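First comes the structure, then the notes that go with it.
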Amino acid sequence: MTDYTRPSYSDLTTRIEADLAAMPAVLRNPLSAAWAQACHSQHGYLDWIDVQCSPLTCEEERLYDWSALYGVDRLAATVAVGNALAAGTAGTHLLAGTPLRGQNGLDYTVIEAVALSPGFTSIPVRCNTVGIAGNLIAGQALMLIDPVLGVAGSLTVGSLGLTGGAEEELVDDWRVRVADEWRVRVGNEDGGRSGNPDDYRFWAKSAHPSVTAALVSLHTLGIGTVVVRPICDTLADRMPTEAVLVAVESKLVDIAPATADWRVDSPIIRRVTVTIDLLPQVDSAENRVAIQAALSALVMSESVEDAILTVGEIDGAIATVTTQYIRLAPTANLAVALGEVFVLNPVIWS
């Protein structure tokens, strides 16, 4: 099949002028220009149609149509949720809907009414604004917007933090999921997913915008068991938060085969420490940052159950920045054990 190349307006004008060579120039030139404009628009429309014929290339608006056909909705932005610790007079009720304000300037709301106990009482709260900005780490303060008699004016975020806030799924990530489901529907004899490891990975990524991959282990807790470990490259140490784990569990409850014996858990961190001696002429802050970024991208590309990080791959990542270095560690290839995922430590500069 010959590749199609859309003719330019100039090419079309030249062709048409040649076809109308017998016509007087006073007519030939304006007719050629008008005809070339019309043809050029038609070629453009055909190009547009061709792009829309696949979820791999179509525009965002058309991707919604493709996703509707295969039941792969775009993951909406989510809100941060968690618990905060409140102090005050025992027996005082902190009611659902009570407004709070975080140190980040965002507003939060108490989810359920709770009667205070002596000491500190755990209060379920959520952010009113979707997105990653609503996530708070343990120990941060949430202030009561309106004073509540018998309740201290400041609550403290609990040990697990407020987590789960994420931005709307990126179009390119959504496109990959739509195309993945398309391939499954076309390629599988039964036309759907039946619960193999790839299916669990797909379901995990479809549960929450923070999930970028998942480890799936079969029969590790007994014959017929499945352990799903979500990986979140955009979160600290690639680890899922409690909110992400809950989202994946909820997804599997709805979609996994009824007879499946599955569990959702966090991956086990396998730390990767790289020690580098940069030669003096290239030992700059800019190169150090670039090498750290290259190694980070390499490590995060390893998201499978039998991942191996070779010294050759490490050298290749460093060499994208400079070849004037000595790698002191690691000295051998690294391999993950069951349930492990690579996480890069800050590079050690010797």
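The values are calculated or read from the model by the stated rules, or taken from the named source; none is laboratory data. Note that the structure is predicted; figures quoted are calculated from it, not measured. All Cβ positions, even for glycine, are placed from backbone atoms using ideal geometry, and neighbour counts span all protein chains on display.
Overview of values
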item: Ala317 vs. criteria under 25 Å from the mean Cα position of the chain (by Cα), buried (at least 17 other Cβ atoms within 10 Å of the Cβ) and not assigned by TED's automatic domain parsing to the domain that holds Leu218; result: yes
item: Single unsatisfied condition, Pro330 versus (1) in contact (Cβ under 8 Å) with a residue 60 or more places away in the chain; (2) surrounded by fewer than 17 Cβ atoms within 10 Å (Cβ to Cβ); result: (1)
item: Residue within the range 167-188 that is buried (at least 16 other Cβ atoms within 10 Å of the Cβ), closer than 22 Å to Gln103 by Cβ and touching a residue at least 24 places away in the same chain (Cβ under 8 Å) present; result: yes
item: Criterion (among the aliphatic types (A, V, I, L, M) and surrounded by fewer than 21 Cβ atoms within 10 Å (Cβ to Cβ)) met by exactly one of Ala247, Ala243, Ala260, Ala207; result: Ala260
item: Test set (1) surrounded by fewer than 20 Cβ atoms within 10 Å (Cβ to Cβ); (2) assigned to a strand (DSSP E or B) - Ala138 fails condition number; result: (2)
item: Residues that are in a strand (DSSP E or B), out of contact with any helix residue (DSSP H, G or I) (no Cβ under 8 Å at 6 or more places or on another chain) and in contact (Cβ under 8 Å) with a residue 40 or more places away in the chain, drawn from the range 80-101; result: Asn83, Ala84, Leu85, Ala86, Ala87, Gly88, Leu94, Pro99, Leu100, Arg101
item: Single residue of the range 271-304 satisfying the filter (exposed (fewer than 15 other Cβ atoms within 10 Å of the Cβ) and without any contact (Cβ under 8 Å) to a residue 12 or more places away in the chain) that is farthest from the chain's Cα centre (by Cα); result: Pro280
